[in-house]
Each structure stands twice: as C-alpha cells, then as structure tokens.
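The values are calculated or read from the model by the stated rules, or taken from the named source; none is laboratory data. Keep in mind the model is a prediction, meaning the values are calculated, not measured. Backbone-built Cβ (ideal geometry, glycine too); neighbour counts: all protein chains shown.
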Amino acid sequence: MRTLYGLLQSPYTEKARFSLDHHAIAYRYHEHVPVLGEVLLRIKARSRAPGTKASVPLLVDGDDVLLSSHAIARHADAQGSAETLFPNDLDADIVKWADLSDRMIGAGRARVMVGLRTNREAQREALPPFIPGPLRGLMTPMASTAAAFLGSKHDVPRDADAETERTLRPALDEVRAALGTLGKREHLLERFTFADIAIASALQVLRPPARAPIGPGTREIWSNDALATEYAELLTWRDAIYASHRQPHQES
C-alpha cells in the first residue's frame, strides 16, 4: 500500500501532498507523531544514507522509499499522467526555487518552534489524537517537549527574529521580484511547475492557506501578521495557485 508519512502542519509535507494530488495518485496518509513515532519512521526510512536523519515527509511506494518532498514530487511526476511538474528545459530553475522554498520554511520554522513552546492551544492541537479530550490540557508539556526535540533534530535556529531578517525577508524579496509588481505573473516560470508548488507551500510561513487542515492555535503560531501584510500580494498569488491547481486527495 502506498503510504505517505507526514505532519499536516508542515509545508514540507504539503509540497509532497500537492505533487501527489496534482497527479491524482492515490495514497494512504499517516500522521507522524514526533518523539513517539521516531522508531517507526526509522524503520520506514530504511534506505536512507548512513548518518542521515529519518524525517517526514516520507513516501513508501512498494519497494521505493522517497525521503524528501522534492524526491516525492519527482516520483509522482514519473508515476502520474497529469501535466509534468519538472519539464526538462526548466529543471535547473525549478531546483533553484525548490532550494529557496526549503530556506523559507527553515526560517519560518524557527518562529513556529517558539510558538509551540508557549501557545497552549497549539500544544493541545499537536498532541496525538489518541489522547482523550479531558487529558489534553494536562498533557500539553508533551507538545513542548516534542518542539524542543524537533528543534534539536533539525538544527532550527533559536533566534527567530534574526533568522527572519537574515533568510526569510531576502527570500520573499526574491519571490516578489520574480512575480513582478503586485504578483502580476501567474507562474514563477513559463508554466505551472513544482517551483510554484514549492513556493506556494512555503508561504505558509506568512499565513497558512484557509484550507490548511490545522487548528486555530497552530494557524496562529505559523502566521506572521507583519510580514503577511508587507507581502500581501504573494499570499494573493499563493491563493490563486491553490484555487487553480490544488487537487483533492484520493485515499488508496
């Protein structure tokens, strides 16, 4: 059974899901539980290179194990029949935008880790679904522990404000320049590609899409109201990409 392991609140997972759903590839989705799910994840990521960390998103498709959103998107492109996300003539440019997307998410994640350590509603939403309602308030420290674990695992910078100025704002300026004043261009490149998926997903670090399957506390810690206002045209572009290209998930 084709299974995608991920975190619903993660833009990395969204990049993988967007790509699979673009090609109408059916898959079962499994929500990873940080800390508690690490052993299962390491087992599933059996083909990873020595010394690398098992992480999500992770796609298991028969004998194939794909260990990143970029790899999953290329796998979907090879398996699917919809318009290609990686046209040969644009591949180098797509890789550039995919790398920029990862830097944007990494910078935004620093702010999220701070929020997850302090926002009790986001902590409750991050708890595993098997914990009953009456106990969720008492067990919010578990989410704070998971945040500390994830921050350490992925080397998330501790100074969120500094990371915003050093990495995120220059990246947003680069996207703005590519799209033109007020987001006039429909796509980053000549047509819809994985570059659009990667950057549209990464813009969650400004404000999650309205359709994102997350709770209000999680939405709050991902939102940066000041930057969302400053770069509002990028969110308008993102929402148009979603309206035109984001297909529903097909369960396998």
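Quick notes on this structure:
- Scan of segment 89-110 for residues that are of a type in the set (Val, Ile, Thr) and either crowded, with 19+ Cβ neighbours inside 10 Å or closer than 11 Å to residue 164 by Cα (or both), ordered by number: 94, 105
- For segment 27-40, the criterion of being surrounded by fewer than 18 Cβ atoms within 10 Å (Cβ to Cβ), modelled with pLDDT of 85 or more, basic (Lys, Arg) and not assigned by TED's automatic domain parsing to the domain that holds residue 123 is met by at least one residue.
- Residues of segment 54-81 satisfying the condition of being closer than 15 Å to residue 12 by Cα and in a loop (DSSP other than H, G, I, E, B): 54, 55, 56, 57, 67, 68
- Looking only at residues of segment 111-135 that are assigned to a loop (DSSP other than H, G, I, E, B) and surrounded by 15 or more Cβ atoms within 10 Å (Cβ to Cβ), we find that the one that is modelled with the highest pLDDT is 119.
- Selection from segment 211-236 of residues that are over 17 Å from residue 105 (Cβ atoms) and not β-branched (Val, Ile, Thr): 211, 213, 215, 216, 217, 220, 225, 226, 230, 232, 233
- For segment 12-24, the criterion of being out of contact with any strand residue (DSSP E or B) (no Cβ under 9 Å at 6 or more places or on another chain) and either farther than 21 Å from residue 101 by Cβ or among the aliphatic types (A, V, I, L, M) (or both) is satisfied by at least one residue.
- Leading residue by the ranking (surrounded by the fewest Cβ atoms within 10 Å (Cβ to Cβ)) among those in segment 207-247 that are more than 17 Å from the chain's Cα centre (by Cα) and among the charged types (D, E, K, R): 225
- Consider segment 19-50 and keep the residues that are among the β-branched types (Val, Ile, Thr) and in a helix (DSSP H, G or I). The one that is nearest to residue 84 (Cα to Cα) is 43.
- Odd one out for residue 91, checked against (1) at pLDDT 95 or above; (2) more than 23 Å from residue 244 (Cβ to Cβ): (2)
- Comparison of 87, 57 shows that the only residue that is more than 14 Å from the chain's Cα centre (by Cα) and either of a type outside the set (S, T, N, Q) or closer than 24 Å to residue 222 by Cα (or both) is 87.
- Within segment 1-18, considering residues that are part of a loop (DSSP other than H, G, I, E, B) and surrounded by fewer than 18 Cβ atoms within 10 Å (Cβ to Cβ), the one farthest from the chain's Cα centre (by Cα): 1
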